[in-house]
1. What net charge do the residues around ALA117 carry, taking every other residue with its C-beta under 10 Å from that of ALA117, with Lys and Arg at +1 and Asp and Glu at -1?
2. Could you please put CYS113, CYS64 in sequence from largest to smallest accessible area, using a 1.4 Å probe?
3. Taking Cα atoms of region 115-163, Rg/Rh with Kirkwood Rh, to two decimals?
4. Residues with beta-carbon under 15 Å from that of ALA57, excluding ALA57: net charge, scoring Lys, Arg +1 and Asp, Glu -1?
Amino acid sequence: AAIAAALLAYFLLSTMLVGGQGATSQDLLNVAELSVPLLCLPLIVRVDGTARRAMTAFSYSTACLAVTEVITSRASLASSANLSAVTSTAVAAGQTGALDHNVEGPLFVLALCVLLARLPRAHRNVTRLSLAVAIAAVIAGVAYSFSRASYFGALAVFIAFALRRPVR
C-alpha cells in the first residue's frame, strides 16, 4: 500500500511538472485510470498464489501490449522518416494505443517490476525463458513509450533490483 501511494504521488508530480505546464484534466484522468486500481489492489488482494498468478497474467498481457505498441510506433516512425526527430517522435507517440503514452509507459514499468521479481523464483527453464522474453518485450515497450517518466522509472527499477541482489 505504501509503494502504491508513493507511486501515485510520483505519477501526480510527474504529470504536473511535464514540460513546465500545469496538468490538464485529461492528464489527471489518465493518472486516475492507472492509480485507482493500483491503490485498491492491496486492499482487496491477499498475498497468496492467486494474487501472484493474477499479477503474472497482468505482466504477460502487458508484454503482449508492449509488442503491439513497438510495432505501431516503429511503423509510425518509419512513415515519418522525412520529418525532424522531435516531430516524428511526437507523431509516433500520438499514434499508440488507447491510452496516453504517459500512462502506458508506467504500466510497462509496473509489469517490469513483477516480471523481474518472478525471475529469480522460476525454477524451470521454460518459465525462465518466457519471463526473459516478456522482460525484453516490456523493456522495448518502455523504450517506445516515448515517456521520460517511464525511462526514469525503469532505470529506478533496475537500480532497486540490482541493489537487492547480494554482491558476489
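1. Details: positive: ARG52, ARG118, ARG121, ARG164; negative: none.
Computed value for this residue: +4.
2. Values: CYS113 45, CYS64 85 Å².
Ranked from most to least accessible, the order is CYS64, CYS113.
3. Ratio value, two decimals: 1.03.
4. Values: positive: ARG52, ARG53, ARG118; negative: ASP48.
Net charge around ALA57: +2.
The values are calculated or read from the model by the stated rules, or taken from the named source; none is laboratory data. Computed from a prediction, not measured in an experiment: that's the story for all the values here. We place every Cβ from the backbone using ideal geometry, glycine too, and count neighbours over all the protein chains shown. Accessible surface is based on the protein model in full, side chains and every heavy atom, while ligands, DNA and RNA are left aside. Shrake-Rupley method; radii C 1.70, N 1.55, O 1.52, S 1.80 Å.
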